[in-house]
Amino acid sequence: MRLWIVRLLIGVVIAWNLQAAFIFFTWPGAFAPGFELSGIPGEAAMRGIAVLFLMWNVPYIVAAWHPLRQLTSVKEAVVMQFLGLAGESAIYLSLSPAHAALQGSILRFISFDGSGLLLLLAALWLVRAEQAKKTPA
């Protein structure tokens, strides 16, 4: 049962990433202004972010496939999520209030990655608890 709960927790983060990749790639012009970008370069940048979201998912998908056997991928996912949150927080803190739209976009990423980090930490905790249960004393 724990295995499926872990898969669900990781799966939620995967779904969020895939959803973001899809909308950024499909409608880049709708999101570029939130990053103070416009035109063809802004759309290309948003599509690039979409590709990064897809790339980001590789260890998450491996982790969700079998979290007990793929503990390294679960740990990689946690570290990647933390790095995303830390990096976005640093970016946010470097912005002046004159960039309110950009700050708003970065805050959404911080919220997104903070929530994802909590889910992934819960998944890691459950995997470790399951492993401890199976290890003879």
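The table below lists the values:
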read-out	value
For the chain, built as a Gaussian network whose Cα springs stay under 10 Å, the top-fluctuating residue of 45, 98, 21	98
Local net charge near residue 24, Cβ-Cβ under 14 Å (Lys/Arg +1, Asp/Glu -1)	+1
Which of 110, 40 has the fewest Cβ neighbours within 10 Å, and the rest in rising order	40, 110
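Each value in this text was obtained by applying a stated rule to the coordinates, not by laboratory testing. Everything numeric here is computed off the predicted structure, so don't read it as measured data. Reconstructed Cβ throughout: ideal geometry from the backbone, glycine too, with neighbour counts over all protein chains shown.
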